[in-house]
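Data first, discussion second: the structure below is written as structure tokens.
The values are calculated or read from the model by the stated rules, or taken from the named source; none is laboratory data. All values derive from a computational prediction rather than experimental measurement. In this analysis, Cβ positions are derived from the backbone assuming ideal geometry, glycine residues included, and neighbour counts consider all displayed protein chains. SASA here: full protein model, heavy atoms, side chains in, ligands and nucleic acids out. Shrake-Rupley method; radii C 1.70, N 1.55, O 1.52, S 1.80 Å.
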Amino acid sequence: MNLKMAGIDFTNAGIDVRQCFSFTKKGMAEAMGRLRRQEEIKGCVFISTCNRMELWASVKEGATLSLPELLCDFKGLPVEAYQEYLTVREDEEAVKHLFYLSAGLKSQIVGEDQVLAQVKDALAFSRQQECADRVMEVLFRMAVTAGKQVKASVVMDKANFSAAHQAVAFLKAQGNKLDGKKCLVIGNGEMGKLAAQSLMEEGADVTVTVRQYKSGVVQIPRGAKRIDYGERYRYIPQCDLVVSATASPNVTITREQLQDCLAGSGSRGRRQVYLDLAVPRDMETSISNLDQVEYYDMDSLPAQAQSPRMRRQYRQAEEILAGEIRKFMDWQECRDFVPRIQRIGTEAAGELAWRMEGPLGELGLSPKEKERLQAQLKQAAGKVVDKLLFELRDQAEHEVLQKTVEIMEQVYIAQEETSENQGK
């Protein structure tokens, strides 16, 4: 199949390591530009979210490249130091992983919805960069379709939860009352909007930052207030909770500036909660050392325990995915048959031309006419064999096709060997 992936996620690396492999869209575009120039790579896709980063590639037969080495090279990191955090999957194992991922079964919050859109967006971005070959197109499209089928057929507990919703549930479990509390959400991307919405659902008074040059066009959740991003430190002393969830590689809250703004506000002694939902982190972790600050990041969120009901739902989802994975594998295996079928057609046509050498010689044709007729015979014979085998591929069971092709290959290989021996 020649399909490879390498990735890092919350199951095998903490946020300190994960953020080393985080890609902005610009960074992904640059990396894909370099991948396009790799002779062994036919197509590639990046998946980059708050909890995972994965590089997918369809490669040429016999390719020896190492995706972990490529990823570390993109980031200027020594592969020896990070190899243990990078999971490598190939062929059917990789296919299964992507289908499970699209259905939300690989998420920190099992069954969550965001990842389905993220997988779909990853393929769309690859198309924009002209990196999506036929295998990537079909694989990711079928994985998204499978994920949708699971969503439509299995209503999993907390299936509508996102990391933002889980974070709010975590804060409540820690004893934080949110009703009526002043909250600042830094970032108005997908995660920021989800955080603002989930906080407002709890009755919080939510303000969202927007960049000044975008303030006239940015959509924020209905009911939320807005302030310019540059005014965040002025507003923070009034807040009970500050959430940062941007896709920017830049820090939004530094210890020094936070300490200065709190000291100058007269709010000393007031307890505040700071929640960082970004990867790489938006906030300097050293703010946790400030007296009045309670700090959490993505790794602070608890792992989700599966109830017996959730395990039953998981098994239902697995049954659906097993059938969809089989469909892709059948497509891939039939695709792999194409060059084999074409070769059989070519060999059959060559044999017919060879067998017709004598009869054609008796027709008294000129060398040019004989050559033209031989070419026509070869073309016609090749098309007949191809048609028969491709029809068999489309209508017969996979095992029947497999056996038929193997037998015909053995016949022509044996004939080739016999011809070579006779020639000697």
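Each residue in the range 39-67 was checked for being in contact with a strand residue (DSSP E or B) (Cβ under 7 Å, 6 or more places away or on another chain) and assigned to a strand (DSSP E or B), and 15 of them qualify.
Conditions (1) open to solvent by 60 Å² or more (accessible area, probe 1.4 Å); (2) assigned to a helix (DSSP H, G or I), marked per residue:
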| residue | (1), (2) |
| --- | --- |
| Val95 | no, yes |
| Leu105 | no, no |
| Ile109 | no, no |
| Lys148 | yes, yes |
| Val155 | yes, no |
| Lys172 | yes, yes |
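Let me spell it out: the conditions are (1) β-branched (Val, Ile, Thr); (2) crowded, with 19+ Cβ neighbours inside 10 Å; (3) in contact with a helix residue (DSSP H, G or I) (Cβ under 7 Å, 6 or more places away or on another chain), and Val135 meets all of them except one. Which number is the exception? All conditions are met except number (3).
A quick yes/no check of all residues on (1) at pLDDT 90 or above; (2) over 24 Å from the mean Cα position of the chain (by Cα); (3) within 13 Å of Ser244 (Cα to Cα):
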position	(1), (2), (3)
Asp276	yes, no, yes
Ser286	yes, yes, no
Val293	yes, yes, no
Leu301	no, no, no
Gln304	no, no, no
Ser307	no, yes, no
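Cβ-Cβ distances below 7 Å connect the following pairs, each with a first residue in the range 95-117 that is aromatic (Phe, Trp, Tyr), a second residue that is open to solvent by 10 Å² or more (accessible area, probe 1.4 Å) and in a helix (DSSP H, G or I), and a separation of six or more residues or different chains: Phe99/Glu324; Phe99/Ile325.
Of all residues in the range 339-364, count the ones that are closer than 21 Å to Ile407 by Cβ and among the small types (Gly, Ala, Ser).
Of the residues in that region, 4 qualify.
The set of residues in the range 189-203 being assigned to a loop (DSSP other than H, G, I, E, B) and either among the aromatic types (Phe, Trp, Tyr) or farther than 17 Å from Cys239 by Cβ (or both) consists of Gly189 alone. Please go through the range 247-280 and give me each residue that is open to solvent by 10 Å² or more (accessible area, probe 1.4 Å), part of a loop (DSSP other than H, G, I, E, B) and either under 17 Å from Tyr229 (Cα atoms) or β-branched (Val, Ile, Thr) (or both), ordered by number. Of everything in the range 247-280, those that are open to solvent by 10 Å² or more (accessible area, probe 1.4 Å), part of a loop (DSSP other than H, G, I, E, B) and either under 17 Å from Tyr229 (Cα atoms) or β-branched (Val, Ile, Thr) (or both) turn out to be Ala247, Ser248, Pro249, Asn250, Val251, Thr254, Val279. Within the range 40-56, restricting attention to residues that are under 16 Å from Glu69 (Cα atoms) and without any contact (Cβ under 8 Å) to a residue 60 or more places away in the chain, the residue that is surrounded by the fewest Cβ atoms within 10 Å (Cβ to Cβ) is Glu40. Pick from Asp336, Asp297: which is at pLDDT below 75 and of a type in the set (Asp, Glu)? Going through Asp336, Asp297 in turn, just one is at pLDDT below 75 and of a type in the set (Asp, Glu): Asp336. In the set Val218, Val185, Val144, Val168, only one residue is more than 26 Å from Leu55 (Cβ to Cβ) and modelled with pLDDT of 90 or more; that residue is Val185. Scanning the range 221-246 for residues that are outside any helix (DSSP H, G or I) and in contact with a helix residue (DSSP H, G or I) (Cβ under 8 Å, 6 or more places away or on another chain) yields Pro221, Gly223, Ala224, Ile227, Asp228, Leu241, Val242, Val243, Ala245, Thr246. Every condition in (1) buried (at least 22 other Cβ atoms within 10 Å of the Cβ); (2) modelled with pLDDT of 95 or more holds for Val88 except the one numbered (1). How many residues are of a type in the set (A, V, I, L, M, F, W, C), farther than 23 Å from Glu93 by Cβ, open to solvent by 10 Å² or more (accessible area, probe 1.4 Å) and over 15 Å from the mean Cα position of the chain (by Cα) if we restrict to the range 1-28? Qualifying residue count for the region: 1. Being aliphatic (A, V, I, L, M) and closer than 30 Å to Ser300 by Cβ holds for only one residue in Leu139, Leu98, and it is Leu98.
Among the residues of the range 28-67, those identified as touching a helix residue (DSSP H, G or I) at 6+ places or on another chain (Cβ under 7 Å) and of a type in the set (Val, Ile, Thr) are Ile41, Val45, Ile47, Thr49. Gln128 passes every criterion in (1) in contact with an Asp or Glu (Cβ under 8 Å, 6 or more places away or on another chain); (2) open to solvent by 60 Å² or more (accessible area, probe 1.4 Å) apart from (1).
Of the residues screened, Met32 is one that is farther than 30 Å from Glu318 by Cβ, touching a Ser or Thr at 6+ places or on another chain (Cβ under 8 Å) and either open to solvent by less than 40 Å² (accessible area, probe 1.4 Å) or modelled with pLDDT under 95 (or both).
Of all the listed residues (Val144, Val185, Val135, Val206), the sole one being within 29 Å of the chain's Cα centre (by Cα) and part of a strand (DSSP E or B) is Val185.
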